[in-house]
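The values are calculated or read from the model by the stated rules, or taken from the named source; none is laboratory data. Please read all numbers here as calculations on a predicted model, not as lab measurements. FYI the Cβ positions are ideal-geometry reconstructions off the backbone, even for glycines, and counts take in every protein chain you see. All accessible areas refer to the heavy atoms of the entire protein, side chains included, with ligands and DNA or RNA removed. Shrake-Rupley method; radii C 1.70, N 1.55, O 1.52, S 1.80 Å.
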Amino acid sequence: MKRFSILINRLGTTSKTGDKLKALSEYFRDADDADKIWVIALFSGRRPRRIASGKLLATWCCEITGLPFWMFTESYHTVGDLGETIALLLPQQDEENVSEHSLSYYLEKIIALYKSDEVTKKEFIINCWMTMTEWEIFVFNKLLTGGFRIGVSQKTVVNALAKNIGADPSVIAHRITGNWDPVTTEFTDLLGGESLTADHSKPYPFFLSHALPGLPADLGEPQEWQAEWKWDGIRGQVIKRNDEMFVWSRGEELMTEKFPEYFLLKDSLPNGTAIDGEIIPLKDGEVLAFSILQTRIGRKNLNKKILENAPIGFIAYDLLEWEGKDLRDQPLSFRRSILEKLVAEINTDSFKISKVIPFTDWEELRAVRENSRAESAEGLMLKRKNSKYGAGRKTGDWWKWKIDPLTIDAVMIYAQKGSGRRSNLYTDYTFAVKDGDKLVNFAKAYSGLTDKEFAQVDAFVKRNSLEKFGPVRTVKPELVFEIAFEGIAASNRHKSGVALRFPRISRWRKDKKPDEINTLEDLKELLIQYG
């Protein structure tokens, strides 16, 4: 745990990719294999389930320290992070009392205790706290609460592993995907190049695009590029091997059972097929709004009404495997030709291929892009016709050319402190629009401002707080911001009656007064037009 804690400290105190790569490379060079496999698991989303709630951890901390719960709560609101608050409040241990247990020891204990009673869990956790340094407690708490988030991309982890074992990063990226368990998987087995027959479900790393930085004309000749709609759904892979079918999300979540509409593909797709595409609301071959898909996400039981009201289909983008052969090194045009024939043969409304948009020059395509929302799309994808299918986010061959977001001017009415490096600043805001002589909150946002602007807003909040509700402060409705968002949908869960897709602060409107903000009626007009 000591070595892992040092790694997390190094990763968390630098923003330089090179420094993070060096820290990970040195860890993979020196750590035990049992710990290495867990680091790969943690950085690829394979975290153990929580064995104790945040409230229980806070209660046990108060018992040890003798602090009243209200004082712990105030400390938590100041620090902004539960794991860090507990680490700061617990008594410091002498070096001779610090345990030398490994990362794998703690994680396997946490997994084993999942179904144990509260007394057993409490005894284990408190004993760990009493035998750790402050920083180790902090890291341990993050593992306990499932809040383990460090600013390290999976690409950096892959590159560090590739550097240590002397393999190509794309090969490593593929080997660490799939349905493997860090408790039962050996480090050497995971990275030793076992064939796909060992895990029939194994997906390929997704090829991701960057936002187009300039004008499409900068890309060169239009005939070298393929244009498609950028659909708004869940990126996924449909795989059939060994007479079994698997559906994976981009986040490497196995979602086969969540989409029974895809079961018909089990009989239609030949073995040895892997298709990249979009899990999306689809009815009679027409794409529906993303908000319909949201009614399916997270549901454990899918009744007949849900399946009828939120029909799901698959729009195929690319063919990654065919007849058991990896096609990713073949040019896009070759992969596309086989995919078109396959989709045509299956011929069903719930399984479509992403339509290629014909164009002769970039200005013509720009005009097409302006019609994206009418197509329920976010913009366009531009793909070089001779491109290979890469792993992760690479620059050059695939670009997303999104339409401009929708915007609304609103006033800030609530503020809350952020987390991590912003835990001492009010950076999490709630915004409202006018409804007659009232203000109605409609969105939260915590990104889009510079550090200097966040500091200025924080100072305003501290000077102009009206009421306090736990960590939330009601503030004078004086600061106006432009809120950008990708989509809008009706919502019974929100007081305003609408829910926004990816809201964020576009700019601070210092040129506007609160009585100049938009109205609830303006939001409803956008709902009619784009919802």
With every protein chain left in place, what is the accessible area per residue of the chain in square angstrom, probe 1.4 Å?
-> 49 Å²
Given a 1.4 Å probe and every protein chain left where it sits, what share in percent of the accessible area of the chain is carbon and sulfur?
-> 48 percent
Among rounded, prolate and oblate, which fits the range 254-367 when a ≥ b ≥ c are the square roots of the eigenvalues of its C-alpha gyration tensor, a/c under 1.5 means rounded, and a/b larger than b/c means prolate?
-> oblate
Three principal axis lengths of the chain [C-alpha, angstrom, descending] | 70, 65, 49
Search the structure for amide H atoms under 5 Å from the amide H of D318, placed 1.01 Å from N in the peptide plane, and list their residues when 5 or more places away or on another chain.
-> D276
In what sequence, highest mean first, do 398-409, 503-514, 201-212 appear when ranked by Cβ atoms within 10 angstrom?
-> 201-212, 398-409, 503-514
Burial order of peptide ranges 487-496, 347-356, 131-140 (average beta-carbon count within 10 Å, highest first) | 131-140, 347-356, 487-496
Which residues qualify? For F351, with a placed amide H closer than 5 Å and at least 5 residues away or on another chain, they are F314
Under the helix-only model (-39500 (n - 2.57) for each DSSP H run of 4 or more, divided by the residues of the chain), the mean residue ellipticity at 222 nm, to 500 deg cm²/dmol, is -10000 deg cm²/dmol
Under the Karplus relation with 6.51, -1.76 and 1.60 and θ = phi - 60°, whole-Hz ³J(HN,Hα) for the range 272-287, x at Gly and Pro, equal x, 10, 9, 10, 9, x, 10, 7, 8, x, 9, 9, 6, x, 9, 6
Select from Y429, F290, V171 the residue farthest towards the positive end of the dipole of the chain; place +1 on Cβ of Lys and Arg, -1 on Cβ of Asp and Glu, and compute about the Cα centre.
-> Y429
Quick one: what does P(r) look like for the range 267-313 with 5 Å bins over all Cα pairs, in whole %?
-> 5, 18, 25, 19, 16, 14, 3
Which residues qualify? For Q330, with a placed amide H closer than 5 Å and at least 5 residues away or on another chain, they are Y389
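Mean separation of Cα pairs under 8 Å and 6+ residues apart, divided by the residue count of the chain: what relative contact order is that in percent?
Details: 888 pairs, mean separation 63.6, N = 531.
Computed value for the chain: 12 percent relative contact order.
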